[in-house]
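The values are calculated or read from the model by the stated rules, or taken from the named source; none is laboratory data. Given the structure is predicted, the values throughout are model-derived calculations rather than measurements. No Cβ is skipped: glycine too gets one built from the backbone with ideal geometry, and neighbour counts run over all protein chains shown.
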Amino acid sequence: MGLKLYGLPMSTCTTRVLTCLHEKGLEFELVPINLFGGEHKQPPFLEKNPFGQIPVLEDGDLTLFESRAITAYIAHKFRDSGCDLIRHGDDNEAAVVRVWVEAEAQQYSPAIQPIVFQCLVAPRIGKTSDQKIIDESVEKLGSVLDVYEARLSKTKYLAGDHFTLADLHHLSYTFYLMKTPYASLVESRPHVKAWWEDISARPAFVKVSENMKFEAK
Ligand SMILES: N[C@@H](CCC(=O)N[C@@H](CSO)C(=O)NCC(=O)O)C(=O)O
């Protein structure tokens, strides 16, 4: 029995895993979960992820949730196929990958998620965008991107010379940020802009991003 990914093709955290699977050239089945119908908050899905969120990956009798834990599992188990996303052959390089994987989760994600939610999701679920939250998050994301701009003026990718999970984890939310009025946060920083254009042009993400559309309202 092969890999099964439970989620939705436009979901940021599902596409984080989808991109990893495609970078590795792996076969898998995508099992849609009806978020809008609340399927993720009821059994049997809650038995897979007690937090009631997508994605979940099943690999035989192993069930994983949290997208970044899932990509780390895939990148390690299938380390010899496709792109080496964790620099597993060099302890120091691998440690620097983990630093920037954490930076995405702890610094970047908390700043970018509210902008994407308020600008793109809230209007589609009948909520008005909260400009105060947006403004606070834009300021936070600007500070984070200033750090990225300095880093990327020295290295091609966040963890060094190679594309890794650290870069991959940024793709989904940044893709949606570029569809908001705040794309200038990326475009106004030359090294961040060049990095974004490089990583988002990779065939694996181009393929995944084709389905990253909210149905037209
Ligand atoms: N830290 C987790 C977040 C998952 C998540 O927010 N999933 C969303 C859809 S993706 O934006 C989700 O399931 N939302 C429904 C809900 O939270 O009720 C991860 O990285 O997997």
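Overview of values
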| quantity | calculated |
| --- | --- |
| Subset of region 9-40 [part of a loop (DSSP other than H, G, I, E, B) and within 13 Å of the chain's Cα centre (by Cα)] | Pro9, Met10, Ser11 |
| Condition met for Ala103 (surrounded by 19 or more Cβ atoms within 10 Å (Cβ to Cβ), in a helix (DSSP H, G or I) and either free of Cβ contacts under 8 Å to residues at least 24 places away in the same chain or among the small types (Gly, Ala, Ser) (or both)) | yes |
| Enumeration of residues in region 35-51 that are out of contact with any strand residue (DSSP E or B) (no Cβ under 6 Å at 6 or more places or on another chain) and either more than 9 Å from the ligand (Cβ to nearest atom) or assigned by TED's automatic domain parsing to the domain that holds Ala166 (or both) | Phe36, Gly37, Glu39, Gln42, Pro43, Pro44, Phe45, Leu46, Glu47, Pro50 |
| Residues of region 158-217 satisfying the condition of being outside any helix (DSSP H, G or I) and of a type in the set (Val, Ile, Thr) | Thr164, Thr180 |
| Residue tally, condition in contact (Cβ under 8 Å) with a residue 40 or more places away in the chain and either out of contact with any helix residue (DSSP H, G or I) (no Cβ under 9 Å at 6 or more places or on another chain) or among the polar types (S, T, N, Q) (or both), over region 79-100 | 2 |
| Hey, Pro43 assigned to a loop (DSSP other than H, G, I, E, B) and under 14 Å from the mean Cα position of the chain (by Cα) or not | no |
| Selected residue (criterion: nearest to the ligand (Cβ to nearest atom)) from residues of region 52-71 that are part of a helix (DSSP H, G or I) and either in contact with a helix residue (DSSP H, G or I) (Cβ under 7 Å, 6 or more places away or on another chain) or not aliphatic (A, V, I, L, M) (or both) | Ser67 |
| Cys119 more than 12 Å from the ligand (Cβ to nearest atom) and outside the structural domain of His169 (by TED's automatic domain parsing) | no |
| Of all residues in region 1-34 being of a type in the set (A, V, I, L, M) and away from the ligand (no atom under 12 Å from the Cβ), the one that is farthest from Ser81 (Cα to Cα) | Val31 |
